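The values are calculated or read from the model by the stated rules, or taken from the named source; none is laboratory data. These figures come from a predicted structure and were not determined experimentally. Methodologically, a virtual Cβ is constructed for each residue, glycine included, from the backbone with ideal geometry; neighbour enumeration extends over all protein chains shown.
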Amino acid sequence: MSGQRGAVELENVTKRFGATVAVDSVSLLVQPGEFLSLLGPSGCGKTTTLRMLAGFEQPDSGFIRISGEYVQGVPPFKRDVNTVFQHYALFPHMTVSANVAYGLRQRGVAKAEIATRVAEALDMVQMSKLADRKPRQMSGGQQQRVAVARALVNRPSVLLLDEPLGALDRKLREEMQIELKLLQSRLGITFVFVTHDQEEAMSMSDRIAVMLDGHIEQLGDPETVYEHPASAFVAGFIGRNNFWRGVATEHGARADDGTVFVASRPEEDVPNGETALAAVRPECINLSADRPSLDINMTKGVVAGVSHFGDVLQYVINSGGRDILVLTPRTTADRFISGDKVYCSWSTDDVYQFSDRQAAIVLHDGTDGSPISDPTSDRKKEKAI
Ligand SMILES: Nc1ncnc2c1ncn2[C@@H]1O[C@H](COP(=O)(O)OP(=O)(O)OP(=O)(O)O)[C@@H](O)[C@H]1O
Ligand SMILES: [Mg+2]
């Protein structure tokens, strides 16, 4: 597969900027027609990886193949790729058509051919009707569609997109996610899509490469990275998680607050007695007024807050000085209010257990097992990481 048109292959690719290792021996094979996202926190090396694929940066070591060809020394415009950036950088004084045609004109493509290809590209992004407008006469989403058309007009087999929806407001962003995904599956073009938004990556991608500190922490389809995070970092970055710090036991972990975790499938095998992290997702925690029958996989606390989010209720439970985030369907019969004493319990299948390797990244201060930050805020969580 790797030699086919549209395939992208990185082999031990490393890029340094002075003392910073921006990309650290990354190997990755993107299949032709695949939608692959590079997902990770700020500074983890997403843009640098993309710029090396585009040809704007050269790797210090390692190899890149695009559509079966080694591209070392091949300038950007001769590669079988095109890039769409977050800031679409359209020429303000040119019409939509002229913007899309610009690259072809520069290369001396015949006029008739330019007209055909511009019309085709604008049709793909449903912008034919606005062909004569100037950028300032269009919404952000429309301008971004033009930027995509400008990349597609070269008929690349790989499109590189660096946070292309980052500048759009939430609603428009969600609309464009659906549109881009449809366009990609219709055209069968390989997409390498950079984002730091895990929901965006989850909803659009065939596979996600979760990056941290220049390397790929986990590569897998959205379901796998969610259900089977390979590390505590992935468990905290994809979706949300409650973390407890403690000591590994034969069957799981004993948290510092005395909570006993029994896991049916520890994600990482941690030797008994060593420091371990246990994690349980908010939607996997059951709340009850009565004490559960078993003393394992349970803890008690007091409801500190309840928020309504359409079809789910979000509880913050204060338990021994730390907060536990719990999400329950709105239809759940048992409802609680602030001040209620509750028991939190969960199943052995829902316990993740990790070694302490990344505690400093995942936990607030690495000591008290607090969640990453205010559990009600995804944004803050990203910053804290
Ligand atoms: N031209 C450069 N000169 C020096 N350092 C750089 C340069 N470009 C990137 N870096 C560094 O390399 C690392 C990776 O940067 P990169 O832009 O690839 O991150 P990113 O994952 O795209 O982050 P963001 O989500 O903030 O866009 C960072 O530490 C960054 O400061
Ligand atoms: Mg970037």
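Whether any residue in region 278-293 is on the phi > 0 side of the Ramachandran plot and in the same structural domain as Ile238 (by TED's automatic domain parsing) is what I want to check.
Start the filter on region 278-293 by keeping residues that are on the phi > 0 side of the Ramachandran plot, which leaves none.
No, that holds for no residue.
With respect to Gly45, is the statement that it is in contact with a strand residue (DSSP E or B) (Cβ under 6 Å, 6 or more places away or on another chain) and on the phi > 0 side of the Ramachandran plot true? Show your work before the answer.
On the way: in contact with a strand residue (DSSP E or B) (Cβ under 6 Å, 6 or more places away or on another chain): yes; on the phi > 0 side of the Ramachandran plot: yes.
When the stated conditions are applied, Gly45 passes them.
Go through region 161-176 and count every residue that is within 12 Å of ligand 2 (Cβ to nearest atom) and over 20 Å from Phe191 (Cα atoms). First the steps, then the outcome.
Of all residues in region 161-176, those within 12 Å of ligand 2 (Cβ to nearest atom) come to 161-164, 166.
Filter again for over 20 Å from Phe191 (Cα atoms), leaving none.
Number satisfying all stated conditions: 0.
Suppose we keep only residues that are in a loop (DSSP other than H, G, I, E, B), within 16 Å of ligand 2 (Cβ to nearest atom) and of a type in the set (Asp, Glu) within region 177-224. Which one would you say is surrounded by the most Cβ atoms within 10 Å (Cβ to Cβ)?
Just the residues of region 177-224 that are in a loop (DSSP other than H, G, I, E, B), to begin with: 188-189, 196-197, 205-206, 213-214, 221.
Still in the running and within 16 Å of ligand 2 (Cβ to nearest atom): 196-197, 213-214.
Now drop any that are not of a type in the set (Asp, Glu), which leaves 197, 213.
Numbers: Asp197: 18, Asp213: 16.
Among those that are in a loop (DSSP other than H, G, I, E, B), within 16 Å of ligand 2 (Cβ to nearest atom) and of a type in the set (Asp, Glu), it is Asp197.
Of all residues in region 158-173, which are more than 13 Å from ligand 1 (Cβ to nearest atom) and at pLDDT 90 or above?
Across region 158-173, the qualifying residues are Val158, Leu159.
Anything in region 56-73 that is buried (at least 17 other Cβ atoms within 10 Å of the Cβ) and either farther than 16 Å from Thr190 by Cβ or within 16 Å of ligand 2 (Cβ to nearest atom) (or both)? List them, or say none. Break it down into steps so the answer makes sense when it comes.
First, the residues of region 56-73 that are buried (at least 17 other Cβ atoms within 10 Å of the Cβ): 57, 59, 62, 64-67, 71.
Correct list: Glu57, Pro59, Gly62.
State all residues of region 115-171 that are out of contact with any helix residue (DSSP H, G or I) (no Cβ under 7 Å at 6 or more places or on another chain), outside any loop (DSSP other than H, G, I, E, B) and not hydrophobic (A, V, I, L, M, F, W, C); if no residue qualifies, say none.
Correct list: Thr116, Glu120, Asp123, Lys129, Arg136, Gln137, Arg145, Arg170, Lys171.
Which residue out of Phe63, Phe56, Phe85 is free of Cβ contacts under 8 Å to residues at least 40 places away in the same chain and farther than 20 Å from Arg207 by Cβ? Walk me through it before giving the result.
Details: Phe63 fails: free of Cβ contacts under 8 Å to residues at least 40 places away in the same chain; Phe85 fails: free of Cβ contacts under 8 Å to residues at least 40 places away in the same chain.
Just one listed residue meets the conditions, Phe56.
Which residues, counting only those in region 283-317, are polar (S, T, N, Q) and without any contact (Cβ under 8 Å) to a residue 12 or more places away in the chain? If you could, list the steps in order and put the result at the bottom.
Looking only at region 283-317, we keep the residues that are polar (S, T, N, Q), and these are 286, 288, 293, 297, 299, 307, 314.
Ser293, the sole residue that qualifies.
Would it be correct to say that Gly62 is closer than 24 Å to Val8 by Cα, within 16 Å of ligand 1 (Cβ to nearest atom) and of a type in the set (Gly, Ala, Ser)? Explain how you work it out, then say what you get.
On the way: closer than 24 Å to Val8 by Cα: yes; within 16 Å of ligand 1 (Cβ to nearest atom): yes; of a type in the set (Gly, Ala, Ser): yes.
Yes; evaluated as a whole, the condition is true for this residue.
Here are Arg254, Arg170: which of them is free of Cβ contacts under 8 Å to residues at least 12 places away in the same chain and buried (at least 16 other Cβ atoms within 10 Å of the Cβ)?
Values: Arg170 fails: buried (at least 16 other Cβ atoms within 10 Å of the Cβ).
Answer to the selection: Arg254.
Being modelled with pLDDT of 95 or more and in contact with a Ser or Thr (Cβ under 6 Å, 6 or more places away or on another chain) is the requirement here; does Val303 meet it? Before you say what the answer is, go through the steps one by one.
Numbers: modelled with pLDDT of 95 or more: yes; in contact with a Ser or Thr (Cβ under 6 Å, 6 or more places away or on another chain): yes.
It is true that Val303 is modelled with pLDDT of 95 or more and in contact with a Ser or Thr (Cβ under 6 Å, 6 or more places away or on another chain).
So, in region 271-299, of the ones that are over 17 Å from Tyr343 (Cα atoms) and over 27 Å from the mean Cα position of the chain (by Cα), which residue ends up surrounded by the most Cβ atoms within 10 Å (Cβ to Cβ)?
Step by step, filter region 271-299, then rank; the result is Thr275.
Does Pro76 satisfy the criteria of being surrounded by 19 or more Cβ atoms within 10 Å (Cβ to Cβ) and more than 22 Å from the chain's Cα centre (by Cα)?
On the way: surrounded by 19 or more Cβ atoms within 10 Å (Cβ to Cβ): no; more than 22 Å from the chain's Cα centre (by Cα): yes.
Here the answer is no, as Pro76 does not meet what is asked.
Let me spell it out: the conditions are (1) within 16 Å of ligand 1 (Cβ to nearest atom); (2) farther than 18 Å from Leu180 by Cβ; (3) touching a Pro at 6+ places or on another chain (Cβ under 9 Å); (4) not hydrophobic (A, V, I, L, M, F, W, C), and Pro92 meets all of them except one. Which number is the exception?
Every condition holds for Pro92 apart from (1).
Starting from residues that are within 9 Å of ligand 1 (Cβ to nearest atom) and over 20 Å from the mean Cα position of the chain (by Cα), keep the ones in region 1-55 and report whichever is surrounded by the most Cβ atoms within 10 Å (Cβ to Cβ). First the steps, then the outcome.
Looking only at region 1-55, we keep the residues that are within 9 Å of ligand 1 (Cβ to nearest atom), and these are 15-18, 20-23, 38, 40-51.
Going one step further and asking which of them are over 20 Å from the mean Cα position of the chain (by Cα), we end up with 15-18, 20-21.
On the way: Lys15: 22, Arg16: 15, Phe17: 11, Gly18: 6, Thr20: 12, Val21: 16.
Here the answer is Lys15.
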